Structures are given as C-alpha cells and as structure tokens.
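A short reminder: the numbers here are calculations on the coordinates, not readings from a lab. Fair warning: this is a prediction, and the values are worked out from it, not measured in the lab. Counting neighbours? That spans all protein chains shown, and the Cβs are built from the backbone with ideal geometry, glycine included.
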Amino acid sequence: MKQKLISLGRKVKKIDDEMEGHSELLKEIQDSPTDTNAIVSQRRKDFTGEFFSYLTLVSETYDSLEDRDAMARLGARCLSAVSAYDNTLEYVDTLDVAQAKFDDILDSPSVDVACEKIKSLAKAKDLDSSLILLINSAWASAKESTTMTNEVKDIMHRLYKATKSSLRSIAPKEIKLLKHLLNITDPEERFSALATAFSPGDGQEAKDPNALYTTPKELHKWIKIMLDAYNLNTEDSDIREAKQMAQPVVVQRLSILKETIEEEYLEHSMFQDSKTEGDAKSDEL
C-alpha cells in the first residue's frame, strides 16, 4: 500500500512538473509574441502534443469568447511556427519573410479579414511559394492533431481554403511548366526538358522567348505544393491541376520529378554553396 502511495505521489509530481513547464512556456510566448519562431527554434522539444492539450485546457477555463479566440490564435501561431521549423527548413532563405507574412495574417481581427489579406497578397503577386507551403504545412499539422482545439483547426482550414482559391488567380509559370513536363511521356525527353527549363534559371535573358524558365528550388517548391494539395484533400481541392492529378501515373511522374530535382540539382547546389562558403572562410584565414 505504501509503495502504491509513493508511486502515485511520483506520478502526481511528474504531472505537476509538466504543467508548470507548459505554463512557463506559455508565459514566455505571451510575453514575447513576436519571437515565437525564435522560441520554437530554441525549445522545439517542448512544443509537444501535451503542450497543445494544455492550451486547450487553458482556453476552456475562459468565459469570454474574446479570450478563447485569443488563445486559439496563439495556438495557431505556435502551430505554424512548429510546422515551419519542421517542414520548411530547406527554404530558410525565404522562410523568415514568409513567416512574417503569415504572422500578419494570423494577427487579423477576424478570420474573414485574414482571408482577405491572403486574397490581397495574391492580387499583388506576393502570395509566394514559401508562404503557400507554410500555410499548407500548418493546416496539415492541425488536421492530423488530436490535441488542437476545433477553433484552431477551423482557422487553419479557412486560411488553407482561401490560399487554394487564391492560387487560381496567380497562374504561376511553374504550374504551366509542370503541365508541360507531365505531358511528356518519354522519361529521357522529360528530363531533358527539365534541364532546359533550368538553363537560364538565374534571371538571365531566356534563350527562347516562348519557353518557360525557372530555378530548381522554385520548381521544387511548386511540386511540393501540388503534392500537398493532392494529399491533403483531393476531392475538395480548389487547385484544378491537383484534381487532374487523380491518375496514379501523373502523381508518380510528379514524385519522380521531385526526387530528380533533389538528387541532381538541389544536393549539388547545396554542395557548391557549402564549398563556396568554405573557400571564403579559408581566404579570410
């Protein structure tokens, strides 16, 4: 009996310690709301499912709808920061700008206003691929979470829907290029066309004024966006191209293109960047 009481006491203390840790983390976020990304990078291991469950418990103690909404937005901001940290680190060069845009969207007084901001970004051609990936990632995390409140899930879903809808007004050249590549049945011809699409790729004058050119990193982002749109919600997708990807052969070709870009272009680019950086440091020494 004594051992059972001792064991129970240890469990209670462990729970108390965890709740205290969650409370301290919440206070740190509330004290520095603009530093959420930095907090996540420093304390990623503390942003657990139990922490988001704690946010739900705290939210349920509020009587005011305004306070509950504020907690839901805080949870959404934490979720987006965690998703960005986990899933888009390879695009660190544009992540800070995209996260700043997303934070501004989440700071809107209402979800309707937030959706209007997304539409305005699309009209101004500022709804870039990194921001789209960030919103997709945040919705995917919220959708699969068993600890997030329904308020947070609703916010993320509506932002995700607004983003998909706005994509139709953007019509980026990368989508047109992907259509062209996916329609090429011969693998060798497809990979040759892929290499040709990257030939200027750095802002130089295009060799063929009617051809479509881009960079490996940018096309890779749009492939991820298309696959995300397909995997997240194929039947309810507002991205026309994602609906057309229902054929397994199209999804397979897109996945192969993604792997090819990663292996043949991105890894090589990362090696070159690392080598250049190393040479620069050697010169400094």
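Sketch the reach of a paramagnetic label on residue 126 as a point 7 Å from Cα along Cα-to-Cβ, and name the residues of region 94-120 whose backbone nitrogen lies under 17 Å away.
Within reach of a label on residue 126, which here means backbone N under 17 Å from a point 7 Å along Cα→Cβ, region 94-120 contributes 94-109, 113-120.
Any idea how far apart residue 62 and residue 16 come out in nm if each label point goes 7 Å out from Cα toward Cβ?
According to this spin-label approximation, the distance is 2.8 nm.
Note down the net charge around residue 46, summing +1 for each Lys or Arg and -1 for each Asp or Glu among other residues with Cβ under 15 Å from its Cβ.
Its environment carries a net charge of -4.
Give me the count of lysine pairs in region 140-204 whose alpha carbons sit under 29 angstrom apart, restricted to pairs 8 or more positions apart or on different chains.
Final tally of qualifying lysine pairs is 12.
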